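Asker: Let me give you the structure first, and then I'll get to my questions.
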Amino acid sequence: MIRHPLPSGDRSRPNSVSDVSLASSFSLGSNIVTKRASHAIACFLLCLTPVGIGIPLSVSTPAFAEESGAGASVPGLIQALGSDEVNTRWKAARDLGRMGPAAEEAIPRLLAALKDPDSAVRLHAATAIGHMGNDSQAVVAKLIEVVGDSDTNVRIAAVNSIRQLVDDPEVLVPLAVGIIEKEDPLFASRLVETIVMRGEKAVPYLIAALKNDHAAYWSCLAIEELGPTASATVPALIDLFERNPDSELKVQALLAFAKIGPEAIAAKPLILSLLTQSTENSVITAAAYASGSLGIEEATTRLRETVDSDEPLLALVSRWALAKLHPDDESLLNAAVDELVTSMGSDDASLRLAAAKGLQSLPVDPGVVGPKLMELLNDSDPVVAYNLVDALASLGEAAATRAGKGLANEEVRDLAVKVLDRLGEDASPAVPDIVSALAGAEGEFRSELISILAQIGPPASPATTELINALDDASDQTRVQALYAIGSIGPGAREASPAVKALLVKTDDTFERILAAWAISQIDASNEQAVAMIVPVLIEGLSFPDGRVQAEAASTLGSLGPAASEALDELDALSANEFVPPEIREVAKDAADAIR
């Protein structure tokens, strides 16, 4: 989620830039979009538990859909949109989309379906509207509203459809601004988050938005999240200051420069001017942060002054910036580390957050700073402890052992879990402690430990016995997590094969069956009987109502080679289906080629 405060008054942007917001931006490397690949895959699979199966990401293959709607009339499908059955409604929306402009008369009903209580219906309605070619302002405006949907997949579908209908920033930005001004502030945050997901393709829109007084702040938020990817916005950001923006917008623009990095060096004169001439602490602090981030050594003299500021956050950021600008100056580095560690015990939440984040980018010796942090952790209240997570995780494997020991201590267990989760595969030294904790773990704690094991991968093989036990858990989520963890470990978890096969046979849940088949392919692919058992299930996955599962099923079939030859017809059909996203069709084609 976007981490900045939401406005309570002016709906065009937050009504104040607090120190918490500024300190949160002083994250020096964290990003809401960038995640470890393995963690992203794990999260994706875990969100597809039986509770969420009805939220397909893409149109599925007509040849394999349970009710493809083949031969159905437009009036009949329009009527089906009013069904009491969720499956009937989302399939009707999907099939109307497949008809394209020929089903344009369904647009009013599809627009209404954008408010359907079920996210699968909203997703397919948004997708269908994009296929129909109606680019009227009324239709596009409704799709922009959907970019504020509570479901990420629905928001992405809306953005894709908007892009199909009209891709002119000069048209879309005013429409979006008008909606931002009348919608709940949460809409703007979701809009920014979805724009960020478009990466470099979002830059032209952000440049246009910077020219609009009501959209500039939100554009700066998105630019900050995109970082170097948004370097082309630098001239527009500089021009923004010529309109004499207020302090809140100046701060956010400075933070955007900082996250863009060296490619924003053209803003150096502006940053130095604000650092030396501004009378507002929030602006000076942001300028100090930008100076350190961009390597502006000319800021040193002023930073040596602001380091003695009565404003704690300004003093702390200035100390950090000096250490960043002069990494070979041991005295500056030590002074910064000591102050950052000390500030983690502050009663000021913004200062604690800035201190925890600030350590991540300084060239400090883990052997020196680690003990200081752990000592503070043992002496701190829970709030301070949570702010240590990023700093501890930045120490890598050195923190894993200590965090593993923390799993046995209920007072710091939550923190230990968060640190291990952030470490991902680097948490492998903690495997013995995770296995010990898993033996008696229940509920959410058990699920969290299994998720960490999945991220660790092959080195987590000592946990196989406990993962086998988890396959009998009453929780659907825990079973799914255990399957994913077993598959992520690979051949080292081969002893789990009989239990996974048993689950595949007895479960009546389609997704659980597909995931079990995938897990077997990862741990026992050399077993001909096992392969013969999973191929039909993976073929079933090719028609699952979620494109990501389709792609994974196809890829897994391809990895089995000629042993999966019975899947060739279905793979060929999937790769030739024009209604399927190109990336899925490509995966299916590659899989078929690998089998042949």
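Asker: Over the range 231-310, what is the relative contact order in percent, taking alpha-carbon pairs closer than 8 angstrom and at least six residues apart?
Answerer: After rounding, I find 30 percent.
Asker: Tell me the relative contact order for the range 252-363 as a rounded percent, counting alpha carbon contacts under 8 Å between residues six or more apart.
Answerer: 19 percent
Asker: Per the Debye formula with a single identical scatterer at each Cα and no solvent contribution, what log10 I(q)/I(0) holds for the range 252-360 at q = 0.12, 0.20 Å⁻¹?
Answerer: The Debye formula, applied to the Cα set alone, gives -0.35, -1.00.
Asker: Tally up the carbon and sulfur contribution to the accessible surface of the range 85-175 as a whole percent, 1.4 Å probe, everything protein left in place.
Answerer: 50 percent
Asker: Using a 10 Å cut-off on Cβ atoms, rank the peptides 484-494, 320-330, 238-248 from the highest mean neighbour count down.
Answerer: The most tightly packed comes first, giving 484-494, 320-330, 238-248.
Asker: Sort the following peptides by mean Cβ neighbour count (other Cβ atoms within 10 Å, averaged over residues), highest first: 448-457, 417-426.
Answerer: Going from most to least packed, we get 448-457, 417-426.
Asker: In whole Hz, what ³J(HN,Hα) sequence does the range 454-459 give by Karplus (6.51, -1.76, 1.60; θ = phi - 60°), x for Gly and Pro?
Answerer: Rounded to whole hertz, the list is 4, 5, 5, x, x, x.
Asker: Then there's this: How would you classify the range 72-141 from its alpha-carbon gyration tensor, with a ≥ b ≥ c the square roots of the eigenvalues: rounded for a/c under 1.5, else prolate if a/b is greater than b/c, otherwise oblate?
Answerer: oblate
Asker: Using θ = phi - 60° and the Karplus curve 6.51 cos²θ - 1.76 cosθ + 1.60, what whole-Hz ³J(HN,Hα) does each residue of the range 321-334 get, with Gly and Pro shown as x?
Answerer: Once rounded to whole Hz, the list reads 5, 4, 5, 5, 6, 10, x, 8, 8, 4, 5, 5, 5, 5.
Asker: With every protein chain present, what is the per residue accessible area of the range 225-307 (1.4 Å probe, Å²)?
Answerer: Computed with neighbouring chains in place, this is 38 Å² per residue.
Asker: Sequence gap at least 6, Cα distance under 8 Å: using those rules, report the relative contact order of the range 281-321 to the nearest whole percent.
Answerer: Once divided by the residue count of the range 281-321, the mean separation gives 49 percent.
Asker: Of 211/324; 201/259; 501/589; 372/418, which ones are farther than 22 Å apart at the Cα?
Answerer: In this structure, 211/324; 501/589 exceed 22 Å between Cα atoms.
Asker: Taking a ≥ b ≥ c as the square roots of the eigenvalues of the Cα gyration tensor of the range 246-306, is the shape rounded (a/c under 1.5), prolate (a/b larger than b/c) or oblate?
Answerer: Since a/c reaches 1.5 but b/c is at least a/b, the shape of the range 246-306 is classed as oblate.
Asker: Can you run the Rg to Rh ratio on the range 100-143? Use alpha carbon positions and the Kirkwood inverse-distance Rh.
Answerer: 0.93
Asker: Give me the one-decimal nm value for the distance between modelled label points at residue 566 and residue 212, 7 Å along each residue's Cα-to-Cβ direction.
Answerer: For residue 566 paired with residue 212, the spin-label model returns 5.5 nm.
Asker: Is the shape of the range 441-596 rounded, prolate or oblate, going by the alpha carbon gyration tensor and its root eigenvalues a ≥ b ≥ c, with a/c under 1.5 for rounded and a/b larger than b/c for prolate?
Answerer: prolate
Asker: Using θ = phi - 60° and the Karplus relation 6.51 cos²θ - 1.76 cosθ + 1.60, list the HN-Hα couplings for the range 89-103 in order, rounded to whole Hz, with x at every Gly or Pro.
Answerer: Values per residue, Gly and Pro as x: 5, 6, 5, 5, 4, 4, 6, 5, x, 5, 7, x, x, 5, 10 Hz.
Asker: Under the 0.36 nm per residue contour assumption, what length would be gained going from the current alpha-carbon distance of residue 273 and residue 330 to full extension?
Answerer: That works out to 17.7 nm of additional length.
Asker: In square angstrom, what is the accessible area per residue of the range 458-525 with a 1.4 angstrom probe?
Answerer: 35 Å²
The values are calculated or read from the model by the stated rules, or taken from the named source; none is laboratory data. Quick caveat: nothing in here was measured; it's all calculated off a predicted structure. Note that each Cβ is placed from the backbone with ideal geometry, even for glycine, and that neighbours are counted across all protein chains shown. Quick note on the areas: whole protein, heavy atoms, side chains included, nothing else; ligands and nucleic acids left out. Shrake-Rupley method; radii C 1.70, N 1.55, O 1.52, S 1.80 Å.
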